[in-house]
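Accompanying notes for the structure given below.
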Amino acid sequence: MPRGVMPRRPTKTGRHEGARSNAPKKSMSVEPTKGRSAAAGKSILTRFSKKLASKPSPGGASKNYRPTSPERVSEILKRLDQLYPDVTCALTHKDAWELLVSTILSAQSTDVRVNMVTPELFRKYPTVQDVAKVEPQQLEPDIRSTGFFRNKSKSVVGAARKIVNDFGGQVPNNMDDLLTLPGVARKTANVVLGTWFGKADGLVVDTHVHRISRRLELTKNDDVEHGGEAQRGESVVRPKLELRSAPSKSYIRRATQK
């Protein structure tokens, strides 16, 4: 072919187009595999699912696993003893009254802050009788840094007056009487009873204790109140291990009772 001459394109007569359009179209559906019915395939999937379900999940517990078994709790206590051999109440106090006041002030505050405030407070008002004589407004400047100082000052003065008038100036040593004091709920009462009087009438459970207890699988409750603090032993319980006065150990031991 001479250089520069373009070949002729074939003329479209429509004959080829018609043949192409009339050709049978291939189906896009997938034919079943020979020798295997749909029921057989479903059966294989079912067996595979059951096999997966029968496999234990990573870190999963066995059927006989009991988070609050005496053996497991004993190991927890052993490790706590090693890590915190001298654990005790962090609030500085020399008698039941000072412990009660410090615990009331510790609400929505820290033990460190309370321990910075109480030395001067107890120097100005050494006894429960001294506090009972003042007005709540007089305490406010001394406890302001602990937060909610107005409510706390009313609680401290109110508790002092009731102790002087109804309990002869002595902090009650039982739950029912402690709960009659202004500003005293179960947590505060449990701190006083367990730390000063050595009575395990209830559990001292705050947000942190509840969080750690859930991680240790000692409770499944989401509510702190029902995680132990409100359970003061109305139900029949049987201690499996000796109850100690240290708050954290006391709580863990109570978790093993049933």
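Kindly put E71, E98, E140, E120 in sequence by how many other C-beta atoms sit within 10 Å of each C-beta, fewest to most. Walk me through the numbers before you get to the answer.
Details: E71 7, E98 19, E140 14, E120 11.
Exposure proxy ranking, most exposed first: E71, E120, E140, E98.
Could you tell me the relative contact order of segment 82-148? Use alpha-carbon pairs under 8 Å, at least six residues apart, and round to a whole percent. All intermediate terms of the calculation are to be shown ahead of the outcome.
Numbers: 39 pairs, mean separation 22.8, N = 67.
Rounded, it is 34 percent for segment 82-148.
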Please go through the residue pairs K133/K199; K124/K187; K124/K152; K133/K187; K152/K199 and name each one whose alpha carbons sit more than 23 Å apart in this structure. K133/K199; K124/K187; K133/K187; K152/K199
May I ask you to sort M175, M116 by Cβ crowding, counting other Cβ atoms within 10 Å and putting the fewest first? M116, M175
Put in order of increasing Cβ neighbours within 10 Å, starting from the fewest, I104, I76 give I76, I104
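Bear in mind that the values in this text are calculations on the coordinates, not laboratory data. Keep in mind that what you see is a predicted model, and the values were worked out from it rather than measured. Using ideal geometry, Cβ is built from the backbone for each residue, glycine included, and neighbour counts are taken over all protein chains shown.
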